[in-house]
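The values are calculated or read from the model by the stated rules, or taken from the named source; none is laboratory data. None of the values given here were measured: they were computed from a predicted structure. Positions of Cβ are generated from backbone atoms using ideal geometry, with glycine treated the same way; all protein chains shown enter the neighbour counts.
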Amino acid sequence: MRNFSNILLVILLVFSATFKAKAQAVDMALLSPFVAPSPTSYPGTASISLAIVAEILDEQLSSDDLGISYATLTISLSNLQGSASILPTGAGADLFTWQYNAVQNVYIGKSKDALMPADAILPISFANLPVIAAVTTNTTGFLANLTPPGDLYTSESNDDAVRIYTSAPLPVTLVSFTAKKEGSVALLNWATTEETNSDHFEIQHSVSGKEWVNVGEVASSGDSKVLKNYSFSHVKPVHGQNLYRLKMIDRDQTFAFSRIQSVSFEGIAAADLSVYPNPSTDKLFIRDNGTVKEVVINNLNGSAVYKASSSFASGSGLIDVTNLPQGMYIVKVTRTNGLVSTSKVVVNK
């Protein structure tokens, strides 16, 4: 009986030593977290990366007869927007099967039944993740947590997590934006308290809130930490409601929009607000085409040379006149609110 007990004890010791060696063989670590650009840009995208390494021996990342579990890698994003269409790449990412949890904005990777080489630093990268918030503190980046198979050594637990955060400064800190009626002109005023790498403001106008037209631009200060005041006069608002917003454009062409302001006008002559440029050589634009019900172009004999119905509203507002003979034409624009404007337009060749 004593011999049997000794034999059983030896078996248990061998089993325990094998299990411990096996556990150590697949011990893994995370390292080298990275975010680029740093600081990130808003609006814009950022790429992130990290690396994973097996610290001792080549080993399978799978369950086996010792009960060692699969590895799990969780990557939690902060102010970056993940998606099922943006999955990680790289030799480290290839060791895992990935799922994206949209509710938590988290990527979860479960290790495949694959061989992980020892002491090889294997990259995991995400390209072009949208930056979804503008912040001035270091809160844009990610946290990665690893649960390795058989990680029995609590002293190594610090290897199982990495994090990195950077800032995404606002190109413009807009503190006010107003639109008011000054006679037949819409006067826009806005102010900033901080600008970083700012290029210019684009002033956009709309009637419907769906289709926006650029009606002017104002150069910005570029880089500033003091109060700056700006203004713009829209000399041709339309009859009824006029909507305005600012497109704040950075030097690297990233941009953000201001809130929308509204001002109403009554009794504006319809002929002043429909068609441009005049004269034209190749194309005409219908201002605020999202409100157009019908456009008809007649020659001076009264014959229609162009006609478009409600489908025009969903287009670009452009009419190609390159095939029209040189001369004068009458453009009649009917709006969805019943307003009709008639304009004389000259086509030059």
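With respect to (1) at negative phi; (2) touching a Leu at 6+ places or on another chain (Cβ under 6 Å), the lone exception for Asn105 is condition (1).
Here Ser258, Ser274 are screened, and the one residue that is more than 30 Å from Thr193 (Cβ to Cβ) and modelled with pLDDT under 85 is Ser274.
Being more than 22 Å from Val35 (Cβ to Cβ) and either outside the structural domain of Ile75 (by TED's automatic domain parsing) or outside any strand (DSSP E or B) (or both) is the filter here, so list the residues in segment 96-142 that pass it.
Restricting attention to segment 96-142, the residues satisfying the condition of being more than 22 Å from Val35 (Cβ to Cβ) are 97, 99, 103, 110-120.
Within segment 96-142, Val103, Lys112, Asp113, Ala114, Pro117, Asp119, Ala120 qualify.
For Tyr107, the conditions (1) under 17 Å from Ile164 (Cβ atoms); (2) modelled with pLDDT under 95; (3) among the aromatic types (Phe, Trp, Tyr) are fulfilled apart from (2). Scoring Ala313 on the criteria (1) more than 22 Å from Asn214 (Cα to Cα); (2) of a type outside the set (D, E, K, R); (3) at pLDDT below 75 leaves a single failure, condition (1). Out of all the residues in segment 177-190, which are at negative phi and at pLDDT below 90? Listed by number, the residues that qualify are Glu182, Ser184, Val185. All conditions but one from (1) surrounded by fewer than 19 Cβ atoms within 10 Å (Cβ to Cβ); (2) modelled with pLDDT of 50 or more apply to Ile52; the one that does not is (1). For Lys225, the conditions (1) closer than 19 Å to Ala179 by Cα; (2) surrounded by fewer than 17 Cβ atoms within 10 Å (Cβ to Cβ); (3) of a type in the set (D, E, K, R) are fulfilled apart from (1). All conditions but one from (1) at pLDDT 80 or above; (2) small (Gly, Ala, Ser); (3) surrounded by 16 or more Cβ atoms within 10 Å (Cβ to Cβ) apply to Gly150; the one that does not is (1).
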